[in-house]
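Heads up: the structure comes next, in structure tokens.
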Protein chains: 4
Amino acid sequence: MLQTKIEIRIRYAETDMMGFAHHGNYAAWFELARVRMMDEFGYPYREMESDGFHLPVLEMHTRFQRSVTFDDIVAVEATLREKPSARVRIEYRVLREDREVASGSTLHAFINTEGRPVRPPRRFSRGMEAVFAKRPD
Amino acid sequence: MLQTKIEIRIRYAETDMMGFAHHGNYAAWFELARVRMMDEFGYPYREMESDGFHLPVLEMHTRFQRSVTFDDIVAVEATLREKPSARVRIEYRVLREDREVASGSTLHAFINTEGRPVRPPRRFSRGMEAVFAKRPD
Amino acid sequence: MLQTKIEIRIRYAETDMMGFAHHGNYAAWFELARVRMMDEFGYPYREMESDGFHLPVLEMHTRFQRSVTFDDIVAVEATLREKPSARVRIEYRVLREDREVASGSTLHAFINTEGRPVRPPRRFSRGMEAVFAKRPD
Amino acid sequence: MLQTKIEIRIRYAETDMMGFAHHGNYAAWFELARVRMMDEFGYPYREMESDGFHLPVLEMHTRFQRSVTFDDIVAVEATLREKPSARVRIEYRVLREDREVASGSTLHAFINTEGRPVRPPRRFSRGMEAVFAKRPD
């Protein structure tokens, strides 16, 4: 399992006239946690793109349990629970003061710079093998 | 059933360095179609908010089937299929040249200006009664 | 002189908790008017980019005279007043019900796909020659 | 003089298809630095709004000297150079690896919750008196 937690402080520009953070921003927050997870995994997103791979979002699901607003400090936790095959599924939790305020998931697949579906880069697959290797009993 | 279709032209600001519209923008596009649907239904969102009601998003699900990019003209179709009770569920399709490129749904509930869950405004409920009234045989 | 006017309806996602459209959105609105101006000029931005040219913003100035909010319909007018040389200067006015609510300008220069400053594409220069040609007396 | 420096890591969602951070994002970055400056000044923006005051942007000017992109870490420095009267002027510099990549300024005035221009809140004025008090020789 891979798990990363980041902290963000909600921007004024991210609020809407209802007084809360607009729900459209969670995509960027999930992405921030996902990018950091890739950093910690050892294959930064930036390097992956220089290698000619992109990891677009095929599906995104979000449940908004409690609203958050300007200046709130929230933690965004990204979890990669199962060894990815052709598809990569990542789960997210958003917490404010240790209480879950939203949760969600994204599903991804690799494409090349021409936009065609491709196998995961070897550096990615090998790293995942290592992460999900069976522990010796 | 209520159904509305709007057309949008994708903004340069909505693209990302992958060369496509960033997936975070679909929330705003769905919202545009939802707002227009409320206009056509006869209870504009703006009036609903002046009446003291908000309709935040509780859940959002999106499937991104094909990428779209700058200057593409896409249609966003919002459909309210079942008579809403305490919760309002709306489905969406995004089409480019009549081909579905994304689909999704949002789930909503009414809150008042203090953020507390409330029953739907009467104007909304009555209008929905009329829309979903059984046709005489 | 080149002049183009577009109409936009302000998105809920563009508002902030002050209750108005966040000032960060005007960059995208100016861009929408600029893109449409290039369409009308006969060299769509999309084609210019396929030809290997980009037109990034070097400077942007905006005066916000009156606030606008969700659902407001505003006109955004882009004006290219002088024949562009290496630099392209465009002015903007934002109007609601024919009253100016904001104004601004952007300054641009052409770069190639490697990010290096280059001369304007010939198609652009020739078109501008035609637009700004002295009228015969 | 008041001066605050924050660090931000550029989000993927903030890039555009040119491959750089879209110029529309600088408004939010300047705002982040401005908000932090108010925190350090001792009158957090959030408290100021609870007190019934808003500080909208009347003007914004930006010069974009060098492009920045995804994952770049940039410093945003906000400076309040002169004691504000009815109007508050703040200057900004954006730096990457200690090199200026953009600069700008915003001009603000206080309004109340009805949107009417008002004098600065006393807590703000007094704090500014203290900051800009003449040093005894």
In segment B:17-29, the residues that are within 14 Å of the chain's Cα centre (by Cα) and within 9 Å of chain A (Cβ to nearest Cβ): B:Asn25, B:Tyr26, B:Ala27, B:Ala28
Residue, farthest from the other protein chains (Cβ to nearest Cβ), within segment A:83-106, restricted to residues that are more than 13 Å from the chain's Cα centre (by Cα) and among the aliphatic types (A, V, I, L, M): A:Leu95
Checking C:Gln65 against (1) more than 14 Å from chain D (Cβ to nearest Cβ); (2) surrounded by fewer than 17 Cβ atoms within 10 Å (Cβ to Cβ); (3) polar (S, T, N, Q); (4) touching a strand residue (DSSP E or B) at 6+ places or on another chain (Cβ under 8 Å), only one condition comes out false. Which one? (1)
Note on segment A:94-137: residues farther than 19 Å from A:Glu31 by Cβ and among the polar types (S, T, N, Q) are A:Asn112, A:Thr113, A:Ser125
Verdict on D:Ala21 being surrounded by 21 or more Cβ atoms within 10 Å (Cβ to Cβ), out of contact with any Cys (no Cβ under 8 Å at 6 or more places or on another chain) and farther than 29 Å from C:Pro117 by Cα: no
Which of the numbered conditions does D:Phe70 fail, given that it passes all the others? Conditions: (1) surrounded by 17 or more Cβ atoms within 10 Å (Cβ to Cβ); (2) within 14 Å of chain C (Cβ to nearest Cβ). (2)
For D:Asp98, work out the one condition from (1) surrounded by 18 or more Cβ atoms within 10 Å (Cβ to Cβ); (2) more than 23 Å from A:Phe70 (Cβ to Cβ) it doesn't fulfil. (1)
Read through the list (1) modelled with pLDDT under 95; (2) within 10 Å of the chain's Cα centre (by Cα), then give the number of the only condition that A:Met1 fails. (2)
Please state which one of C:Glu40, C:Glu14, C:Glu49, C:Glu59 is within 28 Å of D:Ala109 (Cα to Cα) and either within 13 Å of the chain's Cα centre (by Cα) or within 10 Å of chain D (Cβ to nearest Cβ) (or both). C:Glu59
Being within 15 Å of D:Ala13 (Cβ to Cβ), away from chain B (no Cβ under 13 Å) and either among the basic types (Lys, Arg) or assigned to a strand (DSSP E or B) (or both): is that true of A:Ile8 here? yes
Any residue in segment A:59-66 that is within 29 Å of D:Asp39 (Cα to Cα), without any contact (Cβ under 8 Å) to a residue 60 or more places away in the chain and in contact with a His (Cβ under 9 Å, 6 or more places away or on another chain)? yes
Every listed condition ((1) away from every other protein chain (no Cβ under 13 Å); (2) surrounded by fewer than 17 Cβ atoms within 10 Å (Cβ to Cβ)) holds for B:Leu80 save (2)
Within segment A:109-122, can one find any residue that is under 23 Å from A:Ile10 (Cα atoms) and touching a strand residue (DSSP E or B) at 6+ places or on another chain (Cβ under 8 Å)? no
Scanning segment D:70-108 for residues that are among the polar types (S, T, N, Q) and touching a strand residue (DSSP E or B) at 6+ places or on another chain (Cβ under 6 Å), which turns out farthest from D:Arg36 (Cα to Cα)? D:Ser103
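The values are calculated or read from the model by the stated rules, or taken from the named source; none is laboratory data. Treat the numbers as computed from the prediction; the structure is a model and nothing was measured. Reconstructed Cβ throughout: ideal geometry from the backbone, glycine too, with neighbour counts over all protein chains shown.
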